[in-house]
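Peer 1: Okay, here's the structure, questions in a sec.
The values are calculated or read from the model by the stated rules, or taken from the named source; none is laboratory data. These numbers come from a predicted model, not from an experiment. Using ideal geometry, Cβ is built from the backbone for each residue, glycine included, and neighbour counts are taken over all protein chains shown. The protein model used for the area step is the full one, side chains on, heavy atoms only, and it has no ligands, DNA or RNA in it. Shrake-Rupley method; radii C 1.70, N 1.55, O 1.52, S 1.80 Å.
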Amino acid sequence: MISSISSSSSTINTSTENNNNNINNNNYNHDLLFYLNGNKVVVRNPNPEHTLLHYLRSLNVGLTGTKLGCGEGGCGACTVMISHYSSNQDKIIHRAINACLFPLCAVSGCAITTIEGLGNVTDGLHPVQSRISEAYGSQCGFCTPGIIMALYSYLRSHPTATQHDIEECFDGNLCRCTGYRPILDAAKSFGLPSTNSLPSIASGIDTETPEKQNICPSSGKPCDCKSNTQHIPSKPLDLKQELIFPPYLVNYKQETTLKFDGDRAIWYTPTTFDELLQLKSQYNHAKIVVGNTEIGIETKFRNVVYPVLLSPVRVQEMNGIRKADDGIHIGASVTLTEIRSYLQGLCNDKQLVDQNKTQTYRAMLTQFKWFAGNQIRNAACLGGNIVTASPISDINPVLLAAGAILELVSIDKNTGEKLVRHVNIRTFFKTYRVVDILPSEVLSSIFVPFTNQLEYVEAYKQSRRREDDIAIVSCCFRVQLERSNQTTATGEYSIKDISLAYGGMNVKAVLATKTMDALVGKIWSQSLLDEIYSNLEIDLPLAEGAPGGMIEYRRSLTTSFFFKFFLTVNNYLFVDSQGNTKYQVDEREKSATNPYHREMTSGEQTYQTQPLLHPVTQPIKHQSSDKQVTGEAIYVDDMKQSSLYAAMVLSTKAHANITSIDASKALSLPGVKGFYTHKDIRGSNMTGPVFYDEELLASKTVLCQGYPIGVIVAETHQQALEASKAVQIQYEELTPVLTIEDAIEKNSFLDMVHTIKNGREVDQVFGECENVVQGEFKMGGQEHFYLETNVSLAVPIEGDEYHIYSSTQNPTKTQILVAKALGVSMNQIVVKTKRMGGGFGGKESRSIFVSCIASLAAQKLRQPVRLVLDRDTDMITTGTRHPFLGRYKIGFDNEGMIKVADIQLFADAGYSYDLSGGVLDRAIFHSENAYKVPNIRVVGRLCKTNLPTNTAFRGFGGPQGMMVCENWIEQISHHLQIPSYKIRERNFYKEGELTHYLQEVSNCHLDRIWKETLQKSNYLARLEQVKQFNEKNKWKKRGIALIPTKFGMSFTIKTLNQAGALVHIYTDGSVLVTHGGTEMGQGLHTKIIQIAAKELGVPVEKVYVSETSTDKVANTAPTAASVSSDMNGMATLDACKQINQRLEPLRQRFPNYSFAQLTTQAFVERINLSANGYYATPNVGYLFKDGGVGEGTPFNYFNYGCSVSEVEIDTLTGDHTILQSDIIMDVGDSLNPTIDIGQVEGAFIQGVGLTTLEEVVTFKPSGYQFTRGPSTYKIPGFNDIPIIFNVSLFGDAPNPKAIHSSKGVGEPPLFLGSSVFFAIREAIIASRQEQKLVDNNGNNVVAEFLHLESPATCERIRNACIDRFTKQFTK
């Protein structure tokens, strides 16, 4: 901890409380020296177990701009820049790294730059921060500092980056709010159109040089290379303000081995190879750490403690790359980024090396491009990847195929002599994560040989998401050919040697030896393929239930990838043989060989404003954006409030009775203050947002894995986590219900069945129909993946009074349930929410339980308690979007006009009601999407399963109901062989028609939006272009789809359609607004400011919204249903009108007074300058009735929108790319068009994730949730957005039913992301038509309707593209 900070010095001295007896050993240096944002820091004996993030966010350092998002290096929220001087290269190296993994002890001699080191609101924003803010690139803001630091670091290390280069630098960062487009637009503004000049972001190194002396960012020496730089259009960057590399560190040499002693671990950073070997000899089981990208995961998630850690980053022999006559020697500690850079130079320099020799290096580069994210590659080393021996490694198959040689070195304990052992990597991997390395040995280097003429190497990888994802299957193929007839270049080629290496097909990376042996000596020809496929099937067996699942998919990839390789080699041979036609690849088949290449993204955003309403309808940036881009925006866990830390003790069984709980071991651990169960709850243990049907802490029976049983409180977060895992619980296991199908079979339902009937009896109408189809559609859940996990800080005040600081969408319900649990009245509980790092519905109800548990601990200990859920805990405890199963029967005429529908909807509620009733109701209301169905019956049921209770998520059941609907629209189209877009437009609602719940469709712009979308997207012409593309390409197929939406706006529960606001005007003319809505990035506070400023006639700068608090505005509805700006805006308007009415007589008397003078005069005359506004949405509310005909009107109005998306799929792998998406969304007269466009884009990309990438995986029969972090659960990344992304806000469509003629916007666009799903579906159909295959029963698969579940993952896409590769492995 920091013990002293001298104001007269730039050095910060810090120390730790560790007092190991070895600390006084004079042979070691125990001081960690580095620079932090320009200040020299010395930490005395730091804790080896602490990460850089732990240090930065500690109370005494307080740099909370760097966020904890996942703790596993998968989201980028913790990104900082680390810089060091490389004496070997004589330049400064700048790297973006994940502070959540990077060890604090590893920053010796480095300069750390955090978001706080760039700029701030008071002194001015850095150009990178400013660009992101001005481009509307920050919504919730939690991911923003990490994204900015990734960009800043990239620009510092790539001063000549092009716009396209910059667009590809974000593969280690995630954002859940924006849809990425505005971030990319801002970032690309720093890119160069050429490489002739440096962007202004490049910085110098020495502040002590003369004032006009520039410093080269590469060498760190004086130069004038930047004298002509004028890249930033707004203004050139003042280099004197740029944070530079400290000159002290250029000359800093670590002369003595560093040693840091912790309570459980010792850290050494030796300076020589001999020292490292001696330490490894002394501590045989010591772990060698470079970037901590693997060990950090083991220590955090597997509770592993390594007593001795050795860092080889100062060992010269392990940190260089050397070219020899026969290949290259790569130091084991060289980072992947350094290797990649070296190999790129080697492969691009024809003078340096014959390009025939670089085939293996090009394959390595192929894998490095998709290997993890930029931050991981900047920290991880090749040696660590090899020794870790992951069976799904991207790079190990390449090294296997190349026959790389590993140099292992140790020291003879008796003689002190170095022992060197060279091991071929083919014998190195023994079994699962077991390798041929002795405890005393160190992997010092890896030799990768050159290739020869006619030696070809290609590497492949398939993963769930293209960027920053582990492989499902990775492989590398190498073949050495020789001409059978040496006298002519047009003869045959025989196989001299071949290697087929695979990852993801065994417990280790393996070679397909049977296939390889069978091929040696044979002529390279297509006639070999069937034999190869058969042998690969034998070489690479996967038993049913093998780890990783996806058995048929993985096996089909093994042969599909080889087919790609075969065609690629033929391309080479066609050239080498001077055009021998036997090696000519058919033009239609070349699509299998084309490597993935992504064009730079582009797009247009169009909208209208209403000048007479300004500042309403103006594109004003987010109120907090400047604070968010500088890291100054405060989230709950950033609050500098000393507190204890809580961690929940969770069930490890899906369904079981608790037989015993033993916390004695946990209570004996250091720092632990207490353990509490249901017995310690003073109030009620029964809780729930609607019904009190679940226990806060399980008393007898656990209903899912992850169910809270108790809570541990300790002095630190880590102590609490470790103690929570030390509580021993015994169970009596019961049989769990884990799927909707299980629930239906076992009749496991919650007691709620809702039905809507309209028109005639459906059974009678079916008998009159010309056509009837029936089927079912299954849709998976979706994890919210807000970047800020659930967190609550409970602070006892006095007596029974508590202040709860919570990241919640629902302060009032939090207040109610905390008071209930604590056994106090609501007036003693104040809940405050300043902002959330994302919500999306996931913090409407499940956040409340976090606050209740934190409050329980605070009540017991009478001390502030903070409960911050780690990402894995959040994901396994808080529920997801509801999975749905829809069964339907649809009747229609020969023109596709729908006559009747009978629909059953089954929602997986999890173990309790939560908000599932409302979710089911909205699914029922949206089960016809935008189509008039004259006769309909919809029945909805809630399945009770032993999974975390599912909850609200953007769309709240609407997308699930609409997905089922659009599936049967597709089935009608298939049945009649009429294009689906014609079926859709023929059945649209018309103005004045009634829905199946008897609400009139008024102000219906659907037809206009549809026609405008057709025209703007050029849909019909592109439909023909897609057809032509598919005719020319066999293995790549395109699809295009046009999807509409009609979304009802209001809470379907009448009581919730109300809002309040409190407006204060101060005598300086400034305005403070408090309202019932919460800010989660959607710009609600900004819109409220615009509304208040417009009504009061003051600049927006004069209006401020501080926070949401239950002691300011009471009894509020949750911020949900996309109507918060509607309701809270009207309440704010009401309050402002009251004040205006009081001020009107003064305005008449003092017409020339400024607003400040007017408010001062009001105070003098004792006129109240505060008002409490209120609004209740009129004429809404719906009551279901048993007969199927309910009462009331569920929605205030409808939103409409359309989207066209075009995709391209690789039919051999299931990979897909969104080529273009065009969206038109009706938001009335937008209150803030740029914020609304951001909401449309963000919702759309979230919808894309829902229907394509994001798959929640739970294992049967254990109920263990596999997807519990960014490593296993994949939301869309920067690389997944449409290459062309156009968004228009529909114009000339004012909404008479909401404030200033606007409409809510948060949820309606999400369903439009399904246009990508349906475009993928079209591409799959094109592939199936291409193959003209029958299934194993002889049925024509093309004639059958394609049943494609959501999400359309790469596995489902590939398996649906039936061909000879899938048929080989299909049972």
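Peer 1: Give me the pairs: first residue in region 55-66 and aliphatic (A, V, I, L, M), second residue part of a helix (DSSP H, G or I), beta-carbon distance under 7 Å, and six or more apart or on different chains, which are they?
Peer 2: VAL61/TYR55; LEU63/LEU56; LEU63/ARG57; LEU63/GLU116
Peer 1: While we're here: When you scan region 392-469 for strands (runs of 3 or more DSSP E) that lie fully inside it, which ones turn up with 3 or more residues that are under 30 Å from LYS496 (Cα atoms) and either of a type in the set (D, E, K, R) or at pLDDT below 95 (or both)?
Peer 2: By residue number, 455-463.
Peer 1: With respect to TYR502, is the statement that it is open to solvent by less than 30 Å² (accessible area, probe 1.4 Å), in contact with a Cys (Cβ under 6 Å, 6 or more places away or on another chain) and hydroxyl-bearing (Ser, Thr, Tyr) true?
Peer 2: The answer is yes for TYR502.
Peer 1: Find the residue count for region 1146-1162, including only residues that are part of a loop (DSSP other than H, G, I, E, B) and either open to solvent by 70 Å² or more (accessible area, probe 1.4 Å) or under 14 Å from ILE1065 (Cβ atoms) (or both).
Peer 2: Total meeting the criteria: 4.
Peer 1: On to the next question. In region 695-705, is there at least one residue being assigned to a loop (DSSP other than H, G, I, E, B), closer than 25 Å to PHE1266 by Cβ and of a type in the set (Ser, Thr, Tyr)?
Peer 2: no
Peer 1: Another question, if that's okay. May I ask you to list pairs of residues, at least six apart or on different chains, whose Cβ atoms are under 8 Å apart, with the first in region 289-308 being more than 16 Å from ASN378 (Cβ to Cβ) and modelled with pLDDT of 85 or more and the second being surrounded by 19 or more Cβ atoms within 10 Å (Cβ to Cβ) and of a type in the set (D, E, K, R)?
Peer 2: Every condition considered, the pairs that remain are ILE295/LYS287; VAL305/GLU49; TYR306/LYS287; VAL308/LYS287.
Peer 1: To continue, here is another question. As an exercise: evaluate ASP1134 against (1) in contact (Cβ under 8 Å) with a residue 24 or more places away in the chain; (2) of a type outside the set (S, T, N, Q); (3) open to solvent by 70 Å² or more (accessible area, probe 1.4 Å); (4) assigned to a helix (DSSP H, G or I) and give the number of the one condition it does not meet.
Peer 2: Condition not satisfied by ASP1134: (3).
Peer 1: Give the number of residues within region 399-431 that are under 23 Å from MET516 (Cα atoms) and of a type in the set (Ser, Thr, Tyr).
Peer 2: Number satisfying all stated conditions: 2.
Peer 1: Related question: Restricting attention to region 56-111, which residues are more than 20 Å from the chain's Cα centre (by Cα), among the aliphatic types (A, V, I, L, M), open to solvent by 10 Å² or more (accessible area, probe 1.4 Å) and within 21 Å of THR716 (Cα to Cα)?
Peer 2: LEU59, VAL61, LEU63
Peer 1: State all residues of region 1166-1206 that are more than 38 Å from the chain's Cα centre (by Cα), open to solvent by 40 Å² or more (accessible area, probe 1.4 Å) and of a type outside the set (A, V, I, L, M, F, W, C); if no residue qualifies, say none.
Peer 2: ARG1166, ASN1168, ASN1172, PRO1178, ASN1179, LYS1185, ASP1186, GLY1187, GLU1191, GLY1192
Peer 1: Given the condition within 20 Å of ASP1126 (Cα to Cα), assigned to a strand (DSSP E or B) and among the hydrophobic types (A, V, I, L, M, F, W, C), answer yes or no: does some residue in region 1186-1202 qualify?
Peer 2: Within region 1186-1202, one or more residues are within 20 Å of ASP1126 (Cα to Cα), assigned to a strand (DSSP E or B) and among the hydrophobic types (A, V, I, L, M, F, W, C).
Peer 1: Then there is this: If you scan region 1217-1228, which residues turn out to be buried (at least 24 other Cβ atoms within 10 Å of the Cβ) and either part of a loop (DSSP other than H, G, I, E, B) or not hydrophobic (A, V, I, L, M, F, W, C) (or both)?
Peer 2: SER1221, ASP1222, ASP1226, VAL1227, GLY1228 - these are the residues of region 1217-1228 that are buried (at least 24 other Cβ atoms within 10 Å of the Cβ) and either part of a loop (DSSP other than H, G, I, E, B) or not hydrophobic (A, V, I, L, M, F, W, C) (or both).
Peer 1: If ASP921 passes every condition in (1) open to solvent by 10 Å² or more (accessible area, probe 1.4 Å); (2) assigned to a helix (DSSP H, G or I); (3) over 28 Å from GLY838 (Cα atoms) but one, which one does it miss?
Peer 2: Single failed check for ASP921: (3).
Yes or no, residue by residue, for (1) modelled with pLDDT of 95 or more; (2) over 29 Å from GLN1265 (Cα atoms); (3) of a type in the set (Asp, Glu):
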site	(1), (2), (3)
THR878	yes, no, no
PHE884	yes, no, no
ASP893	yes, yes, yes
GLY896	yes, yes, no
VAL919	yes, no, no
PRO934	yes, yes, no
THR945	yes, no, no
MET962	yes, no, no
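Peer 1: Let me ask another. Only one of these is surrounded by 17 or more Cβ atoms within 10 Å (Cβ to Cβ), on the phi < 0 side of the Ramachandran plot and more than 30 Å from the chain's Cα centre (by Cα): THR1366, THR1272, THR1353. Name it.
Peer 2: Sole residue among the options that is surrounded by 17 or more Cβ atoms within 10 Å (Cβ to Cβ), on the phi < 0 side of the Ramachandran plot and more than 30 Å from the chain's Cα centre (by Cα): THR1366.
Peer 1: Looking only at region 652-701, which residues are among the basic types (Lys, Arg) and either in contact (Cβ under 8 Å) with a residue 40 or more places away in the chain or under 13 Å from VAL713 (Cα atoms) (or both)?
Peer 2: Across region 652-701, the qualifying residues are LYS653, LYS665, LYS673, ARG682, LYS700.
Peer 1: Can you tell me which of ALA1114, ALA1092 is buried (at least 21 other Cβ atoms within 10 Å of the Cβ) and modelled with pLDDT of 95 or more?
Peer 2: When all the criteria are applied, what remains is ALA1092.
Peer 1: Here's something else I'd like to know. Residues in region 732-745 that are open to solvent by 50 Å² or more (accessible area, probe 1.4 Å), in a helix (DSSP H, G or I) and not charged (D, E, K, R): how many?
Peer 2: 0
Peer 1: Any chance region 709-731 includes a residue that's within 16 Å of ASP908 (Cβ to Cβ), of a type in the set (A, V, I, L, M, F, W, C) and crowded, with 23+ Cβ neighbours inside 10 Å?
Peer 2: Looking through region 709-731, none of the residues is within 16 Å of ASP908 (Cβ to Cβ), of a type in the set (A, V, I, L, M, F, W, C) and crowded, with 23+ Cβ neighbours inside 10 Å.
Peer 1: Return the pair list, or none, for Cβ contacts closer than 9 Å from residues in region 146-170 that are part of a helix (DSSP H, G or I) to residues that are open to solvent by 20 Å² or more (accessible area, probe 1.4 Å) and among the β-branched types (Val, Ile, Thr), at least 6 apart or on different chains.
Peer 2: Listed pairs, sorted by first residue: SER157/ILE93; SER157/THR337.
Peer 1: While we're looking at this one, here's another question. Within region 1009-1026, how many residues are in contact (Cβ under 8 Å) with a residue 12 or more places away in the chain and either open to solvent by 40 Å² or more (accessible area, probe 1.4 Å) or closer than 30 Å to VAL1180 by Cβ (or both)?
Peer 2: Count: 6.
Peer 1: Right, another one. Within region 616-666, how many residues are open to solvent by 30 Å² or more (accessible area, probe 1.4 Å), among the small types (Gly, Ala, Ser) and part of a loop (DSSP other than H, G, I, E, B)?
Peer 2: 1
Peer 1: Which of the residues that make up region 987-1002 are within 16 Å of THR1193 (Cβ to Cβ) and open to solvent by 60 Å² or more (accessible area, probe 1.4 Å)?
Peer 2: Matches in region 987-1002: LEU994, LEU998, GLU1000.
Peer 1: Go through region 881-918 and give me each residue that's in a loop (DSSP other than H, G, I, E, B), under 24 Å from TYR707 (Cα atoms), open to solvent by less than 10 Å² (accessible area, probe 1.4 Å) and in contact with a Leu (Cβ under 9 Å, 6 or more places away or on another chain).
Peer 2: Once the filter is applied, which keeps residues that are in a loop (DSSP other than H, G, I, E, B), under 24 Å from TYR707 (Cα atoms), open to solvent by less than 10 Å² (accessible area, probe 1.4 Å) and in contact with a Leu (Cβ under 9 Å, 6 or more places away or on another chain), region 881-918 yields ARG881, HIS882, SER912.
Peer 1: Related question: Scan (1) open to solvent by 10 Å² or more (accessible area, probe 1.4 Å); (2) assigned to a strand (DSSP E or B); (3) under 21 Å from HIS622 (Cβ atoms) for the single condition HIS1064 breaks and write down its number.
Peer 2: (3)
Peer 1: Condition (residue is of a type in the set (A, V, I, L, M, F, W, C), open to solvent by less than 70 Å² (accessible area, probe 1.4 Å) and assigned to a helix (DSSP H, G or I)) applied to region 540-552: is it met by at least one residue?
Peer 2: Checking region 540-552: at least one residue is of a type in the set (A, V, I, L, M, F, W, C), open to solvent by less than 70 Å² (accessible area, probe 1.4 Å) and assigned to a helix (DSSP H, G or I).
Peer 1: Being among the β-branched types (Val, Ile, Thr), farther than 16 Å from VAL250 by Cα and surrounded by fewer than 19 Cβ atoms within 10 Å (Cβ to Cβ), is that true of even one residue in region 41-51?
Peer 2: Yes; the residues of region 41-51 include at least one that is among the β-branched types (Val, Ile, Thr), farther than 16 Å from VAL250 by Cα and surrounded by fewer than 19 Cβ atoms within 10 Å (Cβ to Cβ).
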